[in-house]
Amino acid sequence: EADIYQTPRYLVIGTGKKITLECSQTMGHDKMYWYQQDPGMELHLIHYSYGVNSTEKGDLSSESTVSRIRTEHFPLTLESARPSHTSQYLCASSDLGQGRSYNEQFFGPGTRLTVL
Amino acid sequence: SQQGEEDPQALSIQEGENATMNCSYKTSINNLQWYRQNSGRGLVHLILIRSNEREKHSGRLRVTLDTSKKSSSLLITASRAADTASYFCATDGPYGNNRLAFGKGNQVVVIP
């Protein structure tokens, strides 16, 4: 089991609510990622970070925002949730240059978000 | 755009049989990885193969890579019910630097 945690695991909320999805890792990894995945479909990178105070948008446009104030913490925020945001959100982290798996990513269990 | 693309198959096999799935990609890569995802969970890394390798084994897993055809295959031998999952390939091209592009995934169901 990877030491990367996501909360909540499941969230059902109404339209217009502000939400924050939490992601924390205890492996000291510099790089962290957020992916969006619809059931049975591929993963789409929506945000990534290469270290503290570094955040970049991914390949899939997203209305969410992220912050990286601490190495271990990479929360994702939606200011006003909509039904189109209903999806699974996966957080991952990776290290660079250590171990035999150069850029293996470690994934959290995911947050399944439903916006009514 | 997605660089890793599996043949979008849903495999249903009997326990003990072998399962093979394929992945194709578009650009040059440094390495290709395979991940497993159990229903409703995060992904777990299975195996990484570098661009200068042609075949790699890990337990019951065998991965091949053909850079001339930009394709890879994952073979699971002597499948078990616990192998029931979705399998994704991921490549680091064209991003490099620890960004990965994931394919659509292959769903494998192993019937006990």
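No lab work stands behind these numbers, since they all come straight from the coordinates. In this text, all values refer to a predicted model and were calculated from it rather than measured experimentally. We place every Cβ from the backbone using ideal geometry, glycine too, and count neighbours over all the protein chains shown.
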- Query: Among residues other than A:Arg9 whose Cβ falls under 13 Å from its Cβ, what is the net charge (Lys/Arg +1, Asp/Glu -1)?
  - Reply: +1
- Using only the C-alpha atoms of chain A, find the volume of their convex hull and express it per residue in Å³. 101 Å³
- Message: Please list, in order along the range A:24-39, the HN-Hα scalar couplings obtained from phi with the Karplus expression 6.51 cos²θ - 1.76 cosθ + 1.60 (θ = phi - 60°), rounded to whole Hz, x for Gly and Pro.
- Response: 9, 9, 10, 9, x, 6, 7, 9, 9, 9, 10, 10, 10, 9, 7, x
- Note on the structure: In nm, the gap between the two label points placed 7 Å beyond Cα toward Cβ at B:Val109 and A:Lys57 is 4.0 nm
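If you wrap chain B's Cα atoms in a convex hull and average its projection over all directions, what's the area in nm²? Don't skip to the end; give the middle numbers.
Values: hull surface 26.0 nm².
It is 6.5 nm².
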- Item | Charge-dipole axis of the protein assembly as shown as Lys and Arg at +1 and Asp and Glu at -1 on Cβ define it, positive-most pick from A:His29, A:Ser80, B:Gly16 | A:Ser80
- Query: Check B:Glu15: other-chain or 5+ apart residues with amide H under 5 Å from its amide H, H built from backbone geometry?
  - Reply: B:Ile111
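First select every other residue whose beta carbon is under 12 angstrom from the beta carbon of B:Ile76; then total the charges, Lys and Arg +1, Asp and Glu -1. Show your work: numbers first, answer last.
Working: positive: B:Arg36, B:Arg60, B:Arg62, B:Arg80; negative: B:Glu15, B:Glu17, B:Asp83.
So the surrounding residues net to +1.
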- Task: Arrange the following residues from fewest to most other Cβ atoms within 10 Å of their Cβ: B:Ser68, A:Ser49, A:Ser80, B:Ser51.
- Result: B:Ser68, A:Ser80, B:Ser51, A:Ser49
- Given H placed on each backbone N at 1.01 Å, which residues far from B:Lys104 in sequence or on other chains put an amide H within less than 5 Å of it? B:Glu6
- Item | Packing-based exposure ordering (other Cβ within 10 Å, fewest first) of B:Phe88, A:Phe74, A:Phe106 | A:Phe106, B:Phe88, A:Phe74
- Task: Taking the Cβ of each residue in A:Glu22, A:Glu104 as the centre, tally the other Cβ atoms inside 10 Å and list the residues starting with the fewest.
- Result: A:Glu22, A:Glu104
- Query: If the cut-off is 26 Å between C-alpha atoms, which lysines fall inside it for B:Lys26, apart from same-chain ones fewer than 8 positions away?
  - Reply: A:Lys31, A:Lys57, B:Lys56, B:Lys69, B:Lys70, B:Lys104
- In whole µm²/s, the translational diffusion coefficient that Stokes-Einstein assigns to the range A:1-62, given a Kirkwood hydrodynamic radius over C-alpha pairs, 10 °C and 1.306 mPa s, equals 117 µm²/s
- Hz values of 3J(HN,Hα) by residue in the range B:48-56 - Karplus curve (6.51, -1.76, 1.60), Gly and Pro given as x: 10, 10, 7, 5, 8, 9, 10, 8, 8
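Determine the sum of side-chain charges near A:Lys57: Lys and Arg each +1, Asp and Glu each -1, restricted to other residues whose C-beta is under 13 angstrom from that of A:Lys57. Could the numbers behind the result be given before it?
Working: positive: B:Arg99; negative: A:Glu56, A:Asp59, A:Glu63.
Overall, the nearby charge balance is -2.
On a full-extension model of 0.36 nm per residue, what is the gain between B:His57 and B:Glu17, subtracting their alpha-carbon distance, rounded to one decimal in nm? Walk me through the numbers on the way to the answer.
Working: separation 40, 0.36 × 40 = 14.40 nm, distance 1.75 nm.
So the extension gain works out to 12.6 nm.
Counting each pair of different Cα atoms once, what's the Kirkwood radius of the range B:49-109 in Å, rounded to one decimal? All intermediate terms of the calculation are to be shown ahead of the outcome.
Values: mean 1/r = 0.0773 Å⁻¹.
When all Cα pairs of the range B:49-109 are included, the Kirkwood radius is 12.9 Å.
In whole angstrom, how long is each semi-axis of the equivalent ellipsoid of the protein assembly as shown, when you take the square root of 5 times every eigenvalue of its Cα gyration tensor and sort them from largest down? Could you put the intermediate results ahead of the total?
Working: eigenvalues 171, 85, 48 Å².
The equivalent ellipsoid of the protein assembly as shown has semi-axes of 29, 21, 15 Å.
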